[in-house]
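Read-outs throughout are calculated quantities, based only on the coordinates presented, and are distinct from any laboratory measurement. Just so it is clear, the structure is predicted and the values come from calculations on it, not from any experiment.
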Amino acid sequence: MSPPDYSLILIMICFWVCYWLVKRYLLDSLGRIVEERQARLDSAEAEWSARHEAFLEATRELEARLEEAARAGSRRRAELRQEAIDEKQRRLESAHAQAETRLKAALDELDTAAAEARRELRETARSLARTLASRLLEREVAS
């Protein structure tokens, strides 16, 4: 019989030693690195989610404030428009009252001037009638 071949056992021992060295110094280190990377990814994703939610909340709050400001602006614009309409109406009424007063004064003045003109016209007509009668009769006419 031939002696047993121990090379297989020696190869197996070398394999297991290499396996143990690779596992200990390479695979375990790579596993830790991968786990740390995954933990950093998970924490970064959680932080991003929290900040994104805070961003969305701030955006909603700003939109609500913007809507409130728009409503307040609309109310203020309506108030100012109403004030302008009231002021316009007040000025129109004041101008109308002034116009009525001036028109009444002008009509009174016109009535006075017309009465004066009628009186002068009557006197002038009498004077002209006397003068005409005097010339036609060739003598002085008593009034």
* Structure fact -> The extension gain from Ala106 to Leu56, computed as 0.36 nm times the residue separation minus the Cα-Cα distance, is 10.7 nm
* Say we join alpha carbon atoms closer than 10 Å with springs in a Gaussian network model of the chain; which of Leu132, Leu41, Leu110 then has the biggest fluctuation? -> Leu132
